[in-house]
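The values are calculated or read from the model by the stated rules, or taken from the named source; none is laboratory data. As the structure is a prediction and not an experimental result, all values here were calculated from the model. Positions of Cβ are generated from backbone atoms using ideal geometry, with glycine treated the same way; all protein chains shown enter the neighbour counts. Ligands, DNA and RNA are excluded from the accessible area calculation, which covers all protein heavy atoms including side chains. Shrake-Rupley method; radii C 1.70, N 1.55, O 1.52, S 1.80 Å.
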Amino acid sequence: MSKRLGMFFTAMVVTIVLSGCAQAGKEGKITNSDSALKNDEKNIDETKIQQKSEDVELILWGAEEDEALLQEMIESFQEEYKGQANFNITFAAQSEAGCKDALLADLEAGADVFAFADDQLNALVAAGALEPIENADQLKSENLPGSIEAASVGDVLYAYPLTADNGYFLYYNKQYFNQEDVKTFDRILQIAEENQKRVTMDWSSAWYVYAFFGNTDLEVGLNDDGITNYCTWNGTDGDIKGVDVANAMLSIASSPAFLSTEESGFLAGIQDGSVIAGVSGVWNAVAMKDTLGENYGAAKLPTYTCTDRQIQMASFSGYKLIGVNAYSKQYEWASRLAEWISNEENQQLRFEMRGQGPANINAAASADVQDSPAITALIEQSEYSCLQRIGSNFWDPVSVFAANMAAGNPEGKELQEQLDVMVEGITAP
C-alpha cells in the first residue's frame, strides 16, 4: 500500500469512529463532525474568495488643492469595496484646465480617472478618450440639467458631473456697498473713487472679457468642425456695435478706481483693504469669508453703461467633470471610482471642504449650499451665462485687445481696426 493511500485509509477509520461516537445523540442533531466539517468548508470558501480578489491599480488625476479631499474619497471608496479587490489607488496632481493636453499626450499611459473642465469634453470624445456612460439615465435624474448638457456630446453622456460652479460674479465689501449699489458698474466705481479704493477685473483673460460682449447680440462660438470659431464682435450693424463695447470698456478703464489684475492682485487687495469689489469665482469664497467676515458680500455681475443704456454683464458658465479613460486596464473599477467621487455625499463633502458648488440636485439644494453667498450669486448670474464652447484661437486675440483697452488705448489706434484684427485672429483656421 502506498504511503498516500495508507494515510487516507487511516483517516477514514478515524472519521468513522468519531462519527459513531457523535451519533449517540438524537437522530437528526448536528454532530460534532458535521459542525467541524462545515467550519472547515467555510474557512476554505473564505480563502478562495481572498485568493480570487483581484489586484486593482488605478491612477487618479485631480487639482493639487483637492488632494486632501480626494484622498479622503479614495479611503472611503476602498472601505466600501473592501474584500472585493486589493486596491492600489494613486493620486497625482494635474490641473483640470490642462488635463486634456496631458492625457492626449499618451492616452494609454494616462490616468484611469481624471477631473477636467467641461470645455475639453469634445476634444476628449473625438480622440476616443471617453466612452458613453452606461447608467446615463440615473445620472441625468440626479444632476442639474446644465451639468448634464456640459457632460454630453449631442444626447450622449460621456462624463460624470462634479461641480456646477465654474463661473464668475461680483464680490464686494459690505462696509462700502449695499445691495442696491452693486447693481451697476457706474455706482460701484463711484463709491470706490470716493473712498480712494479699487475695483478689479482681469482683462488679461478673455474668459472674463466675454462679460462685455455676451449680452449685446454680438456673437462668438464654435463652428461645426469643433475647432474653429465664428465671431461678430467687430459688427458695425445692429443696436450695439463692436466699437460701442470698446468705448464702454475704455470708459471703465478711465476710472482711477478700476484695476485690471489677475487673481493674486484681487486677493492681495482684499486682504490689505485697497480693493473693495472685484469679479472672481467660488474658489476665492473661503478667503473672502476669512478676510471680510460679516462684511463679505457677493452678487451677480452688475450692468454697465453702453450707448447710454444699461447692459447686463454676461459670463461663461462652466462645470467640472470626472472622466474615465477608455484605455484603462481596470475600466469597470475606474468607472466605480468616478461614480463614487461624483455621488451626492461626496459632492456635499467637496462643498464642505472646498466650497465648490455641487452639480448633484440634492446636494445643491442643501441648506449649507443655499446659505453660501458665492453659490447664491453664481445661481443668480446663471440666467445671464452660457456654456463655454470656444476654439483655442479665441484666447490670445481677445487678451491683446482687452489689454490695450485696460491701458486706455495709449497709442490712439482706431477701435474698429483693433476689433477687426481681434476677430480675424479669433476666426483664423
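Below is a table of values for the structure above.
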{"read-out": "Relative contact order [Cα under 8 Å, 6+ residues apart], the chain, whole percent", "value": "22"}
{"read-out": "Total lysine pairs under 26 Å (Cα atoms) in segment 193-339, excluding pairs fewer than 8 apart on one chain", "value": "7"}
{"read-out": "Simple spin-label estimate for residue 88 and residue 295 in nanometres, 7 Å along Cα-Cβ", "value": "5.4"}
{"read-out": "Gain upon complete extension [residue 134, residue 387; 0.36 nm per residue less C-alpha separation]", "value": "88.7 nm"}
{"read-out": "Heavy atoms of residue 383 accessible to a 1.4 Å probe, total area in Å² rounded to 10", "value": "140"}
{"read-out": "Size of electric dipole in the chain: Cβ of Lys, Arg +1 and of Asp, Glu -1, about Cα centre, debye, nearest 20", "value": "1420"}
{"read-out": "Per-residue HN-Hα couplings for segment 413-421 [Karplus 6.51, -1.76, 1.60; θ = phi - 60°; Hz; x = Gly/Pro]", "value": "5, 4, 5, 4, 5, 5, 5, 4, 5"}
{"read-out": "Segment 46-148, relative contact order [Cα under 8 Å, separation at least 6], %", "value": "30"}
{"read-out": "Accessible surface of residue 395 - all protein chains present, 1.4 Å probe, nearest 10 Å²", "value": "70"}
{"read-out": "³J(HN,Hα), Karplus 6.51/-1.76/1.60, whole Hz, each residue of segment 119-126, x for Gly, Pro", "value": "5, 8, 4, 4, 5, 5, 5, 4"}
{"read-out": "Local electrostatic count at residue 422 - Lys and Arg +1, Asp and Glu -1, tallied over other residues with Cβ under 13 Å", "value": "-4"}
{"read-out": "Relative contact order for segment 125-203, counting Cα pairs under 8 Å that sit 6 or more residues apart, in percent", "value": "19"}
{"read-out": "Rounded if a/c under 1.5, otherwise prolate or oblate - segment 276-413, Cα gyration tensor axes", "value": "oblate"}
{"read-out": "Rounded to the nearest 10 Å², the accessible area of residue 91 at probe 1.4 Å", "value": "30"}
{"read-out": "Built amide H within the under 5 Å cut-off of residue 58, gap 5+", "value": "88, 89, 90"}
